[in-house]
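Q: The structure under discussion is supplied below as structure tokens; questions concerning it will follow.
The values are calculated or read from the model by the stated rules, or taken from the named source; none is laboratory data. A quick note: this is a predicted structure, and the numbers were derived from the prediction, not measured. Cβ sites come from the backbone with ideal geometry, for glycine too, and all protein chains shown count toward neighbours.
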Amino acid sequence: MIHVFVGPTLPRSEPLLTVPGVRLLPPARHGDLFDPAIRSGHTVVIIDGVYHQAPALRHKEILAAMGRGVRVVGAASIGALRAAELAPFGMVGIGSVFDAYAQGEIDGDDEVAVGQAPDGEWDALTWPVVNVRYVLQLAEVAGVLDGERAAGLLAALRAVYYPQRTAAAVWAVCRLRGETEFAGWLAERRAGDRHFGDLKRADALAAVRAVLEGLVPQSADGTSVISAETTHFRRWSNAAVRARVDGLELFTEDRLIYQQVFNPAFGQTWAAYLEHRSRHPGRGPGLPLTARLAQVTGGDLPAHRLFHPAVDLRDGATVTLLLAGETPEDRQAVARYAEALALARRTRPGFSVAAVRDDLTRRVLLELWQCLPEHFDDQASARGLVSGARAVEAAKRLIPGVLAEKSERMEAASGAR
């Protein structure tokens with residue numbers, strides 16, 4: 001299977017993208033390579049990606065994909081940039097844009113940046129610098145511009161902020177600099193070929209064609225993929241795990257946090273998880289949890305105060321154990337809370353989970369857990385949340401849903417009177 005992340009560089013109707021075995025995906029963003037549909041032996045072609053309106057695809061995510069046997073190819077846009085950066089580790093780059101990055105001729109993200117249509121069609125609204133530079137080189141070869149005038153035009157067009165570098169802006173800059181001959185020459189060629197000078201498009205087509213024809217090696221010779229299993233990477237991977245359950249597409253991390261916060265018996269679930277991890281540590285000999293506790297403290301402290309193992313939500317056995325107490329009603333609630341959070345992000349300018357008030361979240365948790373403030377840390381630890389402060393950070397994403405349900409109850413009570 002070939003997974004192609006593409007947006008403004010190529011239209012979805014491009015014949016090369018419609019052949020069997022090609023899975024067409026929107027511009028890549030942070031988390032996309034955790035998709036379980038991308039498996040060992042598959043090929044990923046990264047052409048376009050987002051970085052302004054959403055977190056960009058990170059290098060560690062690409063390294064991790066390659067580490068599990070996925071061949072990753074980059075070209076034309078952010079794919080070319082990432083390929084140049086990760087070529088020593090086995091990512092394959094194709095095309096003139098990649099070559100320019102790899103040879104140090106260009107180095108800025110703005111070289112390939114374009115403004116994109118906000119309607120989901122991903123059409124390019126502006127010209128990237130790499131295409132502008134290429135068109136100017138063609139004009140020099142054609143004798144329309146000399147080197148000095150071409151350099152002046154390039155500098156003037158680069159000075160235009162990338163979301164504003166529209167075709168109209170290009171013509172305006174040409175007029176201001178008196179380059180009417182060049183503007184006319186360019187307009188004539190684009191009238192005959194709407195893709196004239198589109199270097200990114202040519203590179204993208206070359207990359208997809210090379211993969212389809214089997215011309216791309218598995219990895220560069222003499223390279224190796226470094227380990228990507230850092231704390232940050234585990235957090236990213238956990239955040240990306242999702243599953244369809246009861247007809248609902250739910251993030252597993254949301255389901256776990258809901259259980260940790262709302263399930264009054266989750267302390268028992270966490271204790272069972274600690275027992276499982278003690279007997280199956282992954283490295284070293286397994287021991288019953290009581291024996292491990294005796295080794296460390298003589299058994300004076302509860303296990304949850306001593307052991308805080310990292311949770312890997314990619315592991316099916318772990319998920320099954322931690323969600324053992326989940327009910328269909330819980331999953332419905334998780335979906336409602338996720339929608340409440342999404343609504344807050346859409347309708348409240350500047351809203352972010354991090355901005356949810358700590359004191360409000362703490363009060364909600366104390367009320368739900370029915371515990372005194374002096375027992376807050378212990379209650380959070382028993383639920384696998386390590387501490388009260390960590391519990392507050394984890395539970396913030398639930399607060400819009402909690403407040404929405406509280407408001408609904410108050411309205412219902414008012415209407416009943």
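Q: Take D107 and decide whether it is in a loop (DSSP other than H, G, I, E, B), of a type in the set (D, E) and within 30 Å of P217 (Cβ to Cβ).
A: yes
Q: For a quick check of your reading: which helices (runs of 4 or more DSSP H) sit entirely within segment 230-288 and have at least 1 residues that are farther than 29 Å from I38 by Cβ, of a type in the set (V, I, T) and not assigned by TED's automatic domain parsing to the domain that holds H59?
A: 252-262, 266-279
Q: I've got another one for you. I'm checking my understanding of the structure. Among residues of segment 53-104 that are in contact with a Phe, Trp or Tyr (Cβ under 9 Å, 6 or more places away or on another chain) and in a loop (DSSP other than H, G, I, E, B), which one is surrounded by the fewest Cβ atoms within 10 Å (Cβ to Cβ)?
A: Ranking the qualifying residues of segment 53-104, first place goes to R58.
Q: Still on this model: Among the residues of segment 309-328 satisfying the criterion of being assigned to a helix (DSSP H, G or I), under 16 Å from S278 (Cα atoms) and of a type in the set (A, V, I, L, M, F, W, C), which is modelled with the lowest pLDDT?
A: A317
Q: Further, regarding this structure: Can you find a residue that is among the β-branched types (V, I, T), assigned by TED's automatic domain parsing to the domain that holds R255 and assigned to a loop (DSSP other than H, G, I, E, B) anywhere in segment 378-391?
A: Scanning segment 378-391 turns up at least one residue that is among the β-branched types (V, I, T), assigned by TED's automatic domain parsing to the domain that holds R255 and assigned to a loop (DSSP other than H, G, I, E, B).
For every residue, the table says whether it meets (1) under 38 Å from the mean Cα position of the chain (by Cα); (2) without any contact (Cβ under 8 Å) to a residue 24 or more places away in the chain; (3) in a helix (DSSP H, G or I).
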| position | (1), (2), (3) |
| --- | --- |
| Y134 | yes, no, yes |
| Q137 | yes, yes, yes |
| L157 | yes, no, yes |
| A172 | yes, yes, yes |
| F182 | no, no, yes |
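Q: Any chance segment 337-349 includes a residue that's hydrophobic (A, V, I, L, M, F, W, C), touching a strand residue (DSSP E or B) at 6+ places or on another chain (Cβ under 8 Å) and not assigned by TED's automatic domain parsing to the domain that holds P55?
A: The answer is yes, given that some residue of segment 337-349 is hydrophobic (A, V, I, L, M, F, W, C), touching a strand residue (DSSP E or B) at 6+ places or on another chain (Cβ under 8 Å) and not assigned by TED's automatic domain parsing to the domain that holds P55.
Q: Does V45 fit the bill of being under 25 Å from R194 (Cα atoms), in a strand (DSSP E or B) and aliphatic (A, V, I, L, M)?
A: It is true that V45 is under 25 Å from R194 (Cα atoms), in a strand (DSSP E or B) and aliphatic (A, V, I, L, M).
Okay, residues lined up against (1) of a type in the set (A, V, I, L, M); (2) at pLDDT 90 or above:
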{"position": "L136", "(1), (2)": "yes, yes"}
{"position": "E140", "(1), (2)": "no, yes"}
{"position": "A150", "(1), (2)": "yes, yes"}
{"position": "V160", "(1), (2)": "yes, no"}
{"position": "A167", "(1), (2)": "yes, no"}
{"position": "R175", "(1), (2)": "no, no"}
{"position": "E181", "(1), (2)": "no, yes"}
{"position": "G184", "(1), (2)": "no, yes"}
{"position": "K200", "(1), (2)": "no, yes"}
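Q: Exactly one condition in (1) in contact with a Phe, Trp or Tyr (Cβ under 9 Å, 6 or more places away or on another chain); (2) crowded, with 18+ Cβ neighbours inside 10 Å; (3) not charged (D, E, K, R) is false for T166; which is it?
A: Condition not satisfied by T166: (2).
Q: Just the residues that are buried (at least 18 other Cβ atoms within 10 Å of the Cβ) and either free of Cβ contacts under 8 Å to residues at least 40 places away in the same chain or among the charged types (D, E, K, R) (or both), please, taken from segment 345-368.
A: T361, V364
Q: Please enumerate the residues belonging to segment 13-39 that are part of a loop (DSSP other than H, G, I, E, B) and within 15 Å of V73 (Cβ to Cβ).
A: Within segment 13-39, G21, I38 meet the criteria.
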